[in-house]
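The values are calculated or read from the model by the stated rules, or taken from the named source; none is laboratory data. All of these numbers come straight from a predicted model, not from anything done at the bench. Please note: Cβ atoms are built from the backbone with ideal geometry, for glycine as well, and neighbour counts cover all protein chains shown.
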Amino acid sequence: MSAALRLGTRKSLMATTQSQFVADRLTGLTGREVELVGVTTFGDVTKAHLTQLGGTGVFVSELRGKLVEGAIDFAVHSLKDLPTTPDEQIVIAAILPRDDPRDALVSNAKLADLPPGARIGTGSPRRVAQLRSLRPDLDYQPIRGNADTRIGKIASGEFDGVVLAAAGLERIGRDGEISEIFDVDAMVPAPGQGALAVECLASRTDLIELLGVLDDPRTRAAVTAERSVLAALEAGCAAPVGAFASGDGHILNLTAVVVSADGARSVRKSASGPPPAAMDLGRDLAAAMIAEGADTLMGEQTH
Ligand SMILES: NCc1[nH]cc(CCC(=O)O)c1CC(=O)O
């Protein structure tokens, strides 16, 4: 009997739910016991806006610190929250089969049926910009807190709707409150949205091999293309950049969009290629978008 593997997790409902899901799956596939270790991150306790903290990467870096200290063996992250710049000490040992990649509106009405001036909570420039191009007449306001806290601000009357990832809402059992799920063409998702990544130390070759049973090559190819767009645009998770890829294992179809803050202008492009060339597909698409002014549009963003 080997000792239980320690899985470090943030303590939010979404984080513990997805960590427990991965733990159960790993135990089911390998027989290895997994023990959850709760970690409080600075991003969980501060009241500052995430865009001011340098994005959701704050949640990631403290769990990586625990890996380096040896306090935990592996960690589960929403891939969307992982910076595209690699950390030499850390590897993504597995990317799980993707859940619903789409954005969803939690409200008592569909977006088209909300009255002019309705207050919509979302702090994501990508969501605000794309929502503005669908409904320029609504009032978009930043919102903080875990998904359950945000949804609570509808009942309290602070907001008429909030926009969140469908996958996250499903994980915390709040998908019943979704009034509309946006088609990926209307609201291009964030790179990596809906996919979970498992990280461990690059030096733990035994563990990397064990965790590899969780990996889904099709999801990995799709999110590699999406994240490659983001990296080539030199953008982070706070940028108004959407990228979504899907494929059948033989061909990968990638669409990416950069939207101006007011939602009025955008650069949007699609390309297809073989899954092993996912990285190049994303990089080349980003280059074509830059040639059409994508970086100028992004340069206009201010917080
Ligand atoms: N930035 C927070 C975050 N990171 C991952 C998800 C959702 C789950 C996922 O995309 O896997 C969320 C919440 C949201 O955007 O609604």
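Hand me the list of helices (runs of 4 or more DSSP H) wholly inside the stretch 138-257 holding 3 or more residues that are surrounded by fewer than 16 Cβ atoms within 10 Å (Cβ to Cβ) and either away from the ligand (no atom under 14 Å from the Cβ) or touching a residue at least 60 places away in the same chain (Cβ under 8 Å) (or both). Don't jump to the end; show me each part of the working.
Numbers: elements: 147-155, 166-171, 205-211, 217-232.
Helices (runs of 4 or more DSSP H) meeting the threshold: 147-155, 205-211.
Given the criteria in contact (Cβ under 8 Å) with a residue 60 or more places away in the chain, more than 11 Å from the ligand (Cβ to nearest atom) and over 22 Å from PHE21 (Cα atoms), does VAL128 qualify? So that I can check it myself, show each step before the final result.
Numbers: in contact (Cβ under 8 Å) with a residue 60 or more places away in the chain: yes; more than 11 Å from the ligand (Cβ to nearest atom): yes; over 22 Å from PHE21 (Cα atoms): yes.
Criteria met by VAL128.
Kindly indicate whether THR219 is touching a Phe, Trp or Tyr at 6+ places or on another chain (Cβ under 6 Å) and not small (Gly, Ala, Ser). Before the answer, list the steps.
Details: touching a Phe, Trp or Tyr at 6+ places or on another chain (Cβ under 6 Å): no; not small (Gly, Ala, Ser): yes.
Spelling it out, it is not the case that THR219 is touching a Phe, Trp or Tyr at 6+ places or on another chain (Cβ under 6 Å) and not small (Gly, Ala, Ser).
Can you tell me which of (1) touching a Leu at 6+ places or on another chain (Cβ under 7 Å); (2) at pLDDT below 95 is the one VAL213 doesn't meet?
Unmet condition: (2).
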